[in-house]
Amino acid sequence: MKRQAEQFDTDRRDRETIAAVRHRIEHSRHKGLRRVKAKISDGTITLFGTVPTEDDLELAITLVGDVSHVERVIDEIEVIVPDARTS
């Protein structure tokens, strides 16, 4: 029973944490983060998607790392510089 209660607490904390992470990314004023997504498992956030610059990549990691209960950030984001002819 104690193990179930601990798992429930972890699941609840993960749900609250991922909501805070997604909010921080989605409401960032930096347009370069629009294609960044996140998932969570036991306090570990995995970031994936694309950004146009290394600076945007670093910003995404920093923003997420500052969220309460984030224990680790795994970066799977790709830096893809937009083609100037299509922007």
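The helix-only estimate of mean residue ellipticity at 222 nm for the chain, built from DSSP H runs of length n ≥ 4 each weighted as -39500 (n - 2.57), is -14500 deg cm²/dmol after division by the residue total. Per-peptide packing, taken as the mean over residues of other Cβ atoms within 10 Å, places 61-69, 49-57 in the sequence 49-57, 61-69 from highest down.
In this simple spin-label approximation, Thr46 and Asp66 carry label points 7 Å from Cα along the Cα→Cβ vector, and these lie 2.6 nm apart.
How many percent of DSSP beta bridges within the chain run antiparallel, rounded to 5?
So the antiparallel bridges in the chain amount to around 45 percent.
Given +1 at the Cβ of Lys and Arg, -1 at the Cβ of Asp and Glu and no other charges, the dipole of the stretch 38-87 around its Cα centre is 160 debye to the nearest 20.
Projected onto their three principal axes, the Cα atoms of the stretch 2-79 cover extents of 46, 20, 16 Å, largest first. The angle between the Cα long axis of helix 2-26 and the main principal axis of the chain comes to about 20°, on a 0 to 90 degree scale.
Read the figures in this text as sums done on the coordinates, not as results from a lab. None of the values given here were measured: they were computed from a predicted structure. Glycine also receives a Cβ, built like all others from the backbone with ideal geometry; neighbour counts cover every protein chain displayed.
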